[in-house]
């Protein structure tokens, strides 16, 4: 048994010692069987939340109305949830009511996919009433029970299916795919923030290409804002790396204001929007000019330059990132300055030199000095810049 589980076994034993059932459940069991790194360990129990809170000295109420309590044990946090069944999903997002039950099988029945509907006891034995291990071995994502019912309960599960398809490089069972097609319109009921989380995990997965194909074929793409088949088809995501680069690849054909509009609709954070816009702007500049100038590298910085270069290579049959990136890095590192603070001349010294008051002229002149230094017209040396200023009659 993995060390992560061993560390949490005392929690199971304490619950069991007080007359309750307790098991490891969910993604941790799945990842353990796949021999993948285990992140969060969740526990399901027949104990009610009030019982859990009595048994453990340090707990956090995070979803007590749904039966979940966080137990802090040896510096780690563990979500412990009471066995439960769920009532009707009236809004295709959350159950109208939760009923605590005494059966582990009934608890597992409410879960989304068979590969997530397994439990493991303190001896490492797997409880698998819905054949999740068989689907793991076949690399299949299959809804638990009736696929239509699972997606009508929570429409986000359709995006989760695509996300797991990408992350695990699995296929989706035929009946599950058909149910996704039949219920695709329900995705419009889901908050875009929740869709974005699953979509971005999809983009970062190893099987993103096949998953994006199903995103289109199932019609789910028709129920998310701003994206269309044309944004995805014929895009080579293998040459871009970060999430910002992948979004830039999706949106690189748009004007800057449209890029921002899309990402704001998708509720992405401001710093992320700025990053994507910068990558797209530099990429579009290169497409127009066909030149990676020193000024561009300086103005955009290395991180954005590297991202734009990978984006450029994803469309180019001639350029290879293995050759272009080292060339650009060598050019960038050879720049005499990499940021304004590196200049040997400051705004204060400009005011002293010209005996003038502060104003917009300072920023304008500093920018001219930057360009002159980058172009090699003057060395980044105080006296040489001073001489250049006199010679050029600035301001």
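Every read-out reported here was derived from the displayed coordinates using simple, explicitly stated rules and does not represent laboratory data. Just so it is clear, the model here is predicted, and its values are computed rather than measured. Counting neighbours? That spans all protein chains shown, and the Cβs are built from the backbone with ideal geometry, glycine included.
Please give the helix 294-315 orientation as an angle from the longest Cα principal axis of the chain, in degrees from 0 to 90, rounded to the nearest 10.
Computed tilt is about 50 degrees.
Taking 0.36 nm per residue of sequence separation and subtracting the Cα-Cα distance, how much length would be gained by fully extending the chain between residue 349 and residue 105, in nm to one decimal?
Full-extension gain reported as 80.3 nm.
Once you have a ≥ b ≥ c as the square roots of the Cα gyration tensor eigenvalues for region 280-395, tell me rounded if a/c is under 1.5, and otherwise prolate or oblate according to whether a/b is larger than b/c.
Since a/c reaches 1.5 and a/b is larger than b/c, the shape of region 280-395 is classed as prolate.
Which value at 222 nm does the chain reach when only helices count, each DSSP H run of 4 or more adding -39,500 (n - 2.57), with the total divided by all residues and rounded to the nearest 500 deg cm²/dmol?
Details: 19 runs with 207 residues, N = 395.
Computed ellipticity for the chain at 222 nm equals -16000 deg cm²/dmol.
Arrange the peptides 160-167, 346-353, 75-82 so that the one whose residues have, on average, the most other Cβ atoms within 10 Å appears first.
Working: 160-167: 24.1, 346-353: 14.5, 75-82: 18.0.
Ranking, from highest mean packing down: 160-167, 75-82, 346-353.
Once the Cα atoms of helix 192-204 and of the chain are each reduced to a long axis, what angle between those two axes, in degrees from 0 to 90 to the nearest 10, is obtained?
Relative to the chain, helix 192-204 is tipped by roughly 80 degrees.
Taking the chain as the reference, fit the longest principal axis to its C-alpha atoms, fit the long axis of helix 174-183 to the helix C-alpha atoms, and give the angle between the two in degrees, 0 to 90, nearest 10.
Once rounded, one gets 70 degrees.
Report the label-to-label distance for residue 174 and residue 338 in nanometres (one decimal), using points 7 Å from each Cα along the Cα→Cβ vector.
It works out to 5.7 nm between the two label points.
If the chain between residue 222 and residue 40 were fully stretched, how many nm would it gain, using 0.36 nm times the residue separation less the Cα-Cα distance?
On the way: separation 182, 0.36 × 182 = 65.52 nm, distance 3.31 nm.
Value of the extension gain: 62.2 nm.
Can you give the FRET efficiency for residue 197 and residue 85, using 1/(1 + (r/R0)^6), R0 = 25 Å, r = Cβ-Cβ distance, to the nearest 0.05? Each step should come with its number before you reach the end.
Numbers: r = 26 Å, r/R0 = 1.03.
So the FRET efficiency works out to roughly 0.45.
What order do you get for 322-334, 10-22 when each peptide is scored by the mean count of other beta carbon atoms within 10 Å, highest first?
The peptides rank, most packed first, as 10-22, 322-334.
What residue among 156, 263, 335 shows peak mean-square fluctuation when the chain is described by a Gaussian network model with Cα springs under 10 Å?
Of 156, 263, 335, the most mobile in the Gaussian network model is 335.
With the Cα gyration tensor of region 139-224 giving a ≥ b ≥ c as the square roots of its eigenvalues, does the rule (a/c under 1.5 for rounded; else a/b larger than b/c for prolate; else oblate) give rounded, prolate or oblate?
oblate
Give me log10 I(q)/I(0) at q = 0.10 Å⁻¹ for the chain, Debye formula, one equal scatterer per alpha-carbon, no solvent.
For the chain, the Cα-only Debye profile gives -0.81.
Test of understanding: what is the full-extension gain from residue 325 to residue 123, defined as 0.36 nm times their sequence separation minus their Cα-Cα distance?
Taking residue 325 through residue 123 to full extension adds about 67.6 nm, to one decimal.
Hey, how many Å between the Cα centroid of region 342-367 and the Cα centroid of region 60-80?
Taking the Cα centre of each part, region 342-367 and region 60-80 sit 58 Å apart.
Decide, for region 340-391, between rounded, prolate and oblate: order the square roots of the alpha carbon gyration tensor eigenvalues as a ≥ b ≥ c, take rounded if a/c falls under 1.5, and otherwise choose prolate if a/b is larger than b/c, else oblate.
prolate
Mind telling me which of 183, 299, 123 comes out most flexible in a GNM of the chain, alpha-carbon contacts under 10 Å?
Comparing 183, 299, 123 in a Gaussian network model of the chain, the most mobile one is 123.
Springs between alpha-carbon atoms under 10 Å, Gaussian network over the chain: tell me which of 269, 225, 360 tops the mean-square fluctuations.
In this elastic network of the chain, the residue with the biggest mean-square fluctuation among 269, 225, 360 is 360.
Between residue 256 and residue 367, what is the label-point separation in nm under the 7 Å Cα-to-beta-carbon projection?
Result for the modelled spin labels: 1.2 nm.
Computed FRET efficiency, Cβ-Cβ of residue 134 and residue 293, R0 45 Å: what is it to the nearest 0.05?
Efficiency, from the Cβ-Cβ distance: 0.20.
Between region 30-52 and region 180-259, what's the alpha-carbon centroid distance in Å?
Using only Cα atoms to place each centre, the spacing works out to 30 Å.
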